[in-house]
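The values are calculated or read from the model by the stated rules, or taken from the named source; none is laboratory data. Everything quoted here is computed from the prediction, not taken from an experiment. Heads up, the Cβs are rebuilt from the backbone with ideal geometry, glycines too, and the neighbour counts pull from every protein chain shown. The protein model used for the area step is the full one, side chains on, heavy atoms only, and it has no ligands, DNA or RNA in it. Shrake-Rupley method; radii C 1.70, N 1.55, O 1.52, S 1.80 Å.
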Amino acid sequence: MTDQPRLTTGQTVTIRRPARPPAAAAGEPPETAIAIDALSVWYGKVLAINQVTMSIPERRVTALIGPSGCGKSTLIRCLNRLNDLIEGLRITGRILLHGQEIFDPLLDVIELRKRVGMVFQKSNPFPKSIYDNVAYGLRVNGEQRRVVLDRVVEDSLKRAALWDEVKDRLRTNALRLSGGQQQRLCIARAIAIEPEVLLLDEPCSALDPIATAKIEELLYVLKERYTIVIVTHNMQQAARVSDVTGFLLMGQLVEFDATEKLFTTPRDPRTEAYITGRFG
Amino acid sequence: MRPRLNLTSGRIDPERPSTLLRTLILSWSKDERSRRVTPRRVVSQLPIQLTGCMLAIALLMIVGLMGLILCQGLGTFWPQPLWELTTSDQGRYLGLVHRREPIPADDHAQGARAQRTLYRIGNRDVYETDFVWINDQHILTQSRPTEAVVVERLEWGPWYGFISDVKTPEGTVSGNREQVWAALLRQRPSARQRTRVIRRIERRIIGDLNDEVEQHRLAIRRLELRGRLDTPTEQRQLQRHQHAIKVLEQRYARIADSLGQQRAQDQAYRVVLTSIDGRQKELPISAIVRIHQPNRLSWCGRVAVYADRLREFVFDPPREANTEGGVAPAVFGTVLMTLLMSVAVVPLGVLGALCLHEYAKQGPLVSGVRIAVNNLAGVPSIVFGVFGLGFFCYLIGGTIDRFVFPERLPTPTFGGGSILWASLTLALMTVPVIIVATEEALAAVPNGLREASLACGASKFQTVWRVVLPAAIPGVLTGTILAMARGAGEVAPLMITGVVKLAPTMPLDHLWPFIHLERKFMHLGFHIYDVGYQSTNIEASKAMVYMTTLLLLGIVVCLNVTAMRIRGQWRQRFHSADV
């Protein structure tokens with residue numbers, strides 16, 4: 001851990017959206033967007049995440065790989081506190097989003113989720129029109145102005161590389177889109193509220209290779225604006241899209257390093273065994 | 001021709017609904033079984049055959065019930081020929097064939113083959129009975145006189161006989177039956193017009209006048225209840241109301257006077273009816289509801305009579321202690337009550353289910369509530385009626401009366417049975433149906449939708465309101481359909497919370513505030529009970545019972561089809577082209 005985050009005491013709970021510094025020049029170490037510090041998660045008595053410490057760099061793609069049940073999804077869902085819904089869940093440790101403790105009891109979890117968007121494994125558009133899907137995040141935040149909504153919907157769909165395919169049928173039901181389009185719609189919905197971080201939980205596992213390739217290209221573009229955390233089963237995907245990769249095994253972070261390094265010269269024999277396909 | 005069964009799953013191919021029936025037929029046809037079906041297959045198909053049997057039994061019950069109701073009900077209004085009979089004991093009768101049956105065995109007459117027929121001979125006012133049994137072998141002559149007339153009257157039921165005179169202020173037509181008939185037909189339109197005018201005065205003008213007088217009387221009573229009548233303003237108000245009543249009473253006297261004149265004028269147009277045995281009856285022409293010569297009617301004429309009777313049945317109020325006329329107020333009451341009930345029960349049930357499923361922390365308490373709600377569905381409906389009477393009518397209604405309408409006491413306004421309290425009672429009764437259906441629907445909403453909404457920064461309430469509830473609407477509507485079907489057919493709780501045999505006023509009329517939810521109402525279900533079991537002329541009213549049942553079923557089907565349509569539209573929104 002080279003850039004240890006400064007841990008604040010959690011006194012300040014006002015939402016600070018830090019002014020974005022210009023993208024770090026190549027070679028310069030990126031800033032930390034999310035700092036995870038000794039995070040442990042229990043489902044009842046079962047330990048799902050064991051003392052994970054990592055720092056997720058700003059405006060980079062961070063991939064989390066590991067075999068099924070290793071805690072990747074649990075970890076990523078801690079980042080926007082979606083795990084709060086699960087009964088019997090217990091969390092220790094800290095997560096700092098731009099230096100701000102997200103488990104602070106005074107923190108407004110709704111504000112947090114606006115800052116940390118998420119795309120799920122199974123594409124889950126609302127049974128509404130394409131337009132209403134993308135505008136949903138704005139509308140629940142009280143945005144009513146037609147002009148603003150129109151602009152954001154168009155903008156988000158363009159950034160999700162879906163605009164050209166759907167611009168003539170924004171009023172049709174989103175469920176009529178193909179699987180890959182639905183997943184891109186979910187991305188558009190997530191980025192419509194301008195989050196700082198975008199979490200993707202195995203976004204391509206249900207898609208065919210062409211749709212997968214489209215999403216991967218999209219991630220490449222999106223990382224210029226957002227910090228992206230992607231959970232994936234597919235090691236090639238991790239190698240292709242990510243800048244930093246973490247390997248999780250049995251709830252422990254075995255190795256966390258630049259993708260290139262992790263895939264070519266893994267330090268830990270377990271990582272090597274996994275990426276060469278000897279287990280998992 | 002083997003039934004297409006999917007033996008691995010034990011299900012019958014859903015693409016081919018006819019296979020179910022074919023399975024049934026094949027499983028019972030002997031040669032098919034001996035030729036193809038091995039014992040092992042019989043055993044393996046046994047559960048499938050059982051499902052087929054159960055379906056067949058259910059179908060048979062539905063078809064049988066519907067068939068009985070349709071046959072008995074729809075034939076009622078068809079004009080039947082009038083038979084003139086002379087019997088061996090010198091009797092002369094004119095009537096319709098009502099029912100035939102073999103003479104019961106203990107009637108020692110002519111062996112088992114002998115038949116007897118129940119004739120409806122009408123003329124209740126002179127014969128004192130509507131029906132007579134005549135043994136077929138006692139009949140000497142039988143004919144269908146063309147001049148025989150069926151006169152449906154406002155009172156005393158139908159008259160079967162002949163028309164001998166038509167008396168008008170201009171003169172009397174008698175003698176030739178053809179001429180008399182033509183004269184009567186000529187007089188009918190003006191008689192109908194006079195009836196309309198008189199009825200308008202009676203119902204609308206006098207009714208409105210009474211209502212106005214009542215308003216002033218209540219205003220005076222209100223002033224009295226306030227207790228201080230000595231201030232000049234109140235004295236002035238009092239005098240104003242008293243004066244208004246006086247003016248209205250004068251107006252009433254004038255109207256009553258003119259009404260009397262109209263009635264006297266109407267009474268001058270009369271018709272003399274003769275029965276087959278020569279007895280006579282004179283009545284005003286306006287007392288005739290419908291008149292036709294059934295033995296002379298062409299096919300078109302019969303259809304016209306049928307249509308007119310049907311129209312009267314559906315759109316007119318009842319006459320003669322509900323055994324004649326129509327059921328319009330009961331139709332209206334049933335529909336309004338069912339809609340009111342739905343309006344009350346759906347929000348109640350949906351909110352309850354939302355609380356139980358989305359908000360409440362699952363635990364023993366919530367499980368207990370859920371069990372209690374489910375058990376509520378098993379409570380006898382009459383118990384709900386008693387509860388409704390005590391809670392809604394007496395407690396809530398009584399309280400409203402005491403504080404809002406004290407001037408009307410001791411006459412209850414909301415403190416008695418009413419369509420509002422009946423609807424709310426039924427709403428309570430059907431709330432478990434909605435809660436159970438809604439909970440099922442909420443459980444079926446994919447968790448991914450909830451998470452997606454929350455991840456967009458929506459609050460829990462926004463998630464439930466904008467995403468979860470719309471997705472559960474089809475399920476809610478299913479519950480509503482079930483609740484409406486149950487509510488529309490329920491009678492027992494209504495009998496003590498607001499249904500009456502004959503409601504003088506409808507819950508909806510032209511007087512402010514137009515919807516009078518505090519009024520009692522009529523209901524088709526209760527109408528069936530009342531006409532079928534409480535009327536003195538059961539044989540004559542049987543047809544009405546069948547028709548009323550048919551109408552009630554029709555209304556339930558209409559309401560359900562409407563709800564299903566809406567549900568279908570909602571469902572379409574959740575269909576995806578490819579997932």
message: I'd like the residue in the range A:170-180 that is open to solvent by 20 Å² or more (accessible area, probe 1.4 Å) and touching a residue at least 12 places away in the same chain (Cβ under 8 Å) and, out of all such residues, is farthest from the other protein chains (Cβ to nearest Cβ).
response: A:L170
query: Looking at (1) farther than 28 Å from A:G180 by Cβ; (2) open to solvent by 30 Å² or more (accessible area, probe 1.4 Å), which is the only condition A:E255 fails?
result: (2)
Selection from the range A:200-215 of residues that are assigned to a loop (DSSP other than H, G, I, E, B) and modelled with pLDDT under 85: A:S205, A:A206, A:L207, A:D208
query: Would you pick out the residues in the range B:503-525 that are surrounded by 20 or more Cβ atoms within 10 Å (Cβ to Cβ) and outside any loop (DSSP other than H, G, I, E, B)?
result: B:F521, B:L524, B:G525
- request: Would you please list the contacts, defined by Cβ atoms under 7 Å and residues six or more apart or on different chains, that run from a residue in the range A:109-123 that is facing chain B (nearest Cβ under 8 Å) to a residue that is open to solvent by 10 Å² or more (accessible area, probe 1.4 Å) and part of a helix (DSSP H, G or I)?
  value: A:R113/B:L454; A:F120/B:G448; A:F120/B:E451; A:K122/B:G448
- prompt: If A:V221 passes every condition in (1) surrounded by fewer than 22 Cβ atoms within 10 Å (Cβ to Cβ); (2) assigned to a loop (DSSP other than H, G, I, E, B); (3) touching a residue at least 60 places away in the same chain (Cβ under 8 Å) but one, which one does it miss?
  reply: (2)
Which numbered condition B:V464 misses (of (1) open to solvent by less than 30 Å² (accessible area, probe 1.4 Å); (2) over 18 Å from the mean Cα position of the chain (by Cα); (3) more than 14 Å from every other protein chain (Cβ to nearest Cβ)): (3)
Enumeration of residues in the range A:87-97 that are more than 18 Å from A:G251 (Cα to Cα) and either surrounded by fewer than 19 Cβ atoms within 10 Å (Cβ to Cβ) or within 9 Å of chain B (Cβ to nearest Cβ) (or both): A:E87
message: Taking the conditions exactly as written (within 14 Å of chain A (Cβ to nearest Cβ) and open to solvent by 20 Å² or more (accessible area, probe 1.4 Å)), does B:R450 satisfy them or not?
response: yes
- request: Determine, yes or no, whether A:I110 is farther than 23 Å from A:Y220 by Cβ and either in contact with a Gly (Cβ under 7 Å, 6 or more places away or on another chain) or open to solvent by 20 Å² or more (accessible area, probe 1.4 Å) (or both).
  value: yes
task: Hey, can you tell me all the residues within the range A:134-146 that are more than 9 Å from chain B (Cβ to nearest Cβ) and among the polar types (S, T, N, Q)?
output: A:Q144
- request: Within the range A:147-162, track down each residue that is of a type in the set (G, A, S) and either closer than 24 Å to B:A471 by Cβ or within 9 Å of chain B (Cβ to nearest Cβ) (or both).
  value: A:S156, A:A160
message: Restricting to the range A:65-86, name every residue that is closer than 17 Å to A:H233 by Cα, within 13 Å of chain B (Cβ to nearest Cβ) and open to solvent by less than 10 Å² (accessible area, probe 1.4 Å).
response: A:I76
task: Inspect the range B:162-179 for any residue being touching a residue at least 24 places away in the same chain (Cβ under 8 Å) and within 14 Å of B:E84 (Cα to Cα) and give the result as yes or no.
output: yes
- line: Within the range B:485-502, the count of residues that are touching a helix residue (DSSP H, G or I) at 6+ places or on another chain (Cβ under 6 Å), assigned to a loop (DSSP other than H, G, I, E, B) and either closer than 26 Å to B:V561 by Cα or not β-branched (V, I, T) (or both) comes to 4
message: Against the condition over 23 Å from A:L82 (Cα atoms), in contact with a Phe, Trp or Tyr (Cβ under 6 Å, 6 or more places away or on another chain) and without any contact (Cβ under 8 Å) to a residue 40 or more places away in the chain, how does A:V166 come out, does it pass?
response: no
task: Report yes if some residue within the range B:470-485 is open to solvent by 10 Å² or more (accessible area, probe 1.4 Å), away from chain A (no Cβ under 14 Å), of a type in the set (S, T, N, Q) and in contact (Cβ under 8 Å) with a residue 24 or more places away in the chain; otherwise report no.
output: yes
- request: Starting from the range A:50-66, take each residue that is touching a residue at least 60 places away in the same chain (Cβ under 8 Å) and list its partners that are basic (K, R), counting only C-beta distances under 7 angstrom and pairs at least six apart or across chains.
  value: A:R59/A:K223; A:R60/A:K223; A:V61/A:K223; A:L64/A:K72; A:G66/A:K72
query: How about the range A:186-206: which of its residues are buried (at least 21 other Cβ atoms within 10 Å of the Cβ), without any contact (Cβ under 8 Å) to a residue 60 or more places away in the chain and more than 10 Å from chain B (Cβ to nearest Cβ)?
result: A:A188, A:C204
query: Among the listed residues B:L259, B:L340, B:L336, B:L351, which satisfies the condition of being buried (at least 16 other Cβ atoms within 10 Å of the Cβ), at pLDDT 90 or above and more than 20 Å from the chain's Cα centre (by Cα)?
result: B:L259
message: Being of a type in the set (S, T, N, Q), without any contact (Cβ under 8 Å) to a residue 40 or more places away in the chain and open to solvent by 80 Å² or more (accessible area, probe 1.4 Å) narrows it down to one residue among B:Q193, B:Q142, B:Q137; which is it?
response: B:Q193
field: Criterion: touching a residue at least 24 places away in the same chain (Cβ under 8 Å), within 12 Å of chain B (Cβ to nearest Cβ) and either buried (at least 17 other Cβ atoms within 10 Å of the Cβ) or of a type in the set (S, T, N, Q) (or both) - qualifying residue of A:Q100, A:Q183
entry: A:Q183
- prompt: When only residues in the range A:114-131 that are open to solvent by 10 Å² or more (accessible area, probe 1.4 Å) and basic (K, R) count, which is nearest to the chain's Cα centre (by Cα)?
  reply: A:K114
task: Taking B:V247 as meeting all but one of (1) modelled with pLDDT of 90 or more; (2) assigned to a helix (DSSP H, G or I); (3) open to solvent by less than 40 Å² (accessible area, probe 1.4 Å), write down the number of the exception.
output: (3)
task: Return the residue satisfying two criteria in turn: it lies in the range B:429-439 and is open to solvent by 10 Å² or more (accessible area, probe 1.4 Å) and in contact with a Gly (Cβ under 6 Å, 6 or more places away or on another chain), and of such residues it is nearest to the other protein chains (Cβ to nearest Cβ).
output: B:A437
Cβ-Cβ under 7 Å pairs, at least 6 apart or on other chains, the range B:360-379 side within 14 Å of chain A (Cβ to nearest Cβ), far side assigned to a loop (DSSP other than H, G, I, E, B): B:V366/B:A360
